[in-house]
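Here is the structure we will look at, set down as structure tokens.
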Amino acid sequence: KSVAVVVVAAGRGERAGSAGDTVPKQYRSVGGQAILARTVEAFVSQPNVSWVLPVIHPEHEQRYAALGLGGDERLLAPVHGGSTRQGSVLAGLKALAPLKPDLVLIQDAARPFVPAALIESVIYSLGAAQGALPTLPVTDTIKRSLDGAEVVGTEDRRLLHAAQTPQGFRFGQIFSAHMRAASVRREFTDDAEIAEWAGLRVVMVPGHRDNIKITHPDDFARAERIISGDTR
Ligand code: C5P
């Protein structure tokens with residue numbers, strides 16, 4: 001089965017920087033290599049991946065070119081994303097449609113430490129399921145509040161799982177689900193939510209603690225520790 005990968009990197013990446021910091025997080029380096037370059041290479045180095053498509057912000061063309069990626073024909077020229085993550089994923093799916101991949105993995109550029117074994121287990125799960133994503137058990141107790149001040153309840157933590165990427169799907173199914181999702185007034189937080197909403201059967205595979213999404217400034221220090229193998 002042919003596997004395509006959409007790497008969404010079209011965010012402005014501003015939360016991860018201090019005020020006045022102009023380099024968006026996905027173009028910042030950890031361990032001497034840009035985050036986006038690490039994420040792309042994690043997939044290009046997979047023998048069972050046929051195409052990797054980066055989705056970038058239109059204003060980041062030069063930053064992308066400066067990464068010096070390329071040299072592997074499976075890495076496609078980047079396409080431009082939208083104003084939401086959901087719109088950026090859809091732009092990627094539209095660009096992949098002519099290639100008719102069997103499966104597609106959707107990956108946040110901001111997760112550069114995705115282990116090869118995790119990619120394989122997501123692909124493997126798609127043999128039986130229509131959607132698959134890595135998750136980790138939630139270790140914090142989660143409170144519910146309507147106004148951000150008063151607690152109205154406590155979730156049953158045993159039922160909760162934190163979602164990671166890559167999230168994998170049958171290409172045709174997630175493409176049509178995304179097309180329909182784009183026409184309703186609702187914002188979906190991840191692609192698995194769109195698949196669930198479309199009635200697809202989505203399963204979880206064990207995620208990895210190092211597969212972090214670099215979001216806040218202190219995540220860079222954590223990233224450096226992961227690279228140096230010092231994961232406390
Ligand atoms: O902002 P957040 O870290 O949740 O974004 C997750 C991923 O989605 C990032 O890799 C970001 O670049 C991407 N994104 C996108 N287009 C947007 C917003 C976010 O590709 N409009």
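The values are calculated or read from the model by the stated rules, or taken from the named source; none is laboratory data. Please read all numbers here as calculations on a predicted model, not as lab measurements. We place every Cβ from the backbone using ideal geometry, glycine too, and count neighbours over all the protein chains shown.
Descriptive notes on the structure:
- Residue in region 13-21 that is over 19 Å from the mean Cα position of the chain (by Cα), within 15 Å of the ligand (Cβ to nearest atom) and either under 21 Å from residue 194 (Cβ atoms) or touching a residue at least 60 places away in the same chain (Cβ under 8 Å) (or both) present: yes
- Hits in region 87-107 - residues which are within 9 Å of the ligand (Cβ to nearest atom) and closer than 15 Å to residue 169 by Cα: 89, 92, 107
- Boolean, residue 46 is away from the ligand (no atom under 14 Å from the Cβ) and under 27 Å from residue 230 (Cβ atoms): yes
- Taking every residue in region 74-96 that is surrounded by fewer than 19 Cβ atoms within 10 Å (Cβ to Cβ) and pairing it with any residue that is in a strand (DSSP E or B) and modelled with pLDDT under 95, at least 6 positions away or on another chain, yields no pair with a Cβ-Cβ distance below 7 Å.
- Scanning region 153-201 for residues that are aliphatic (A, V, I, L, M) and more than 16 Å from the chain's Cα centre (by Cα) returns 159, 160, 177, 179, 181, 182, 184, 198, 200.
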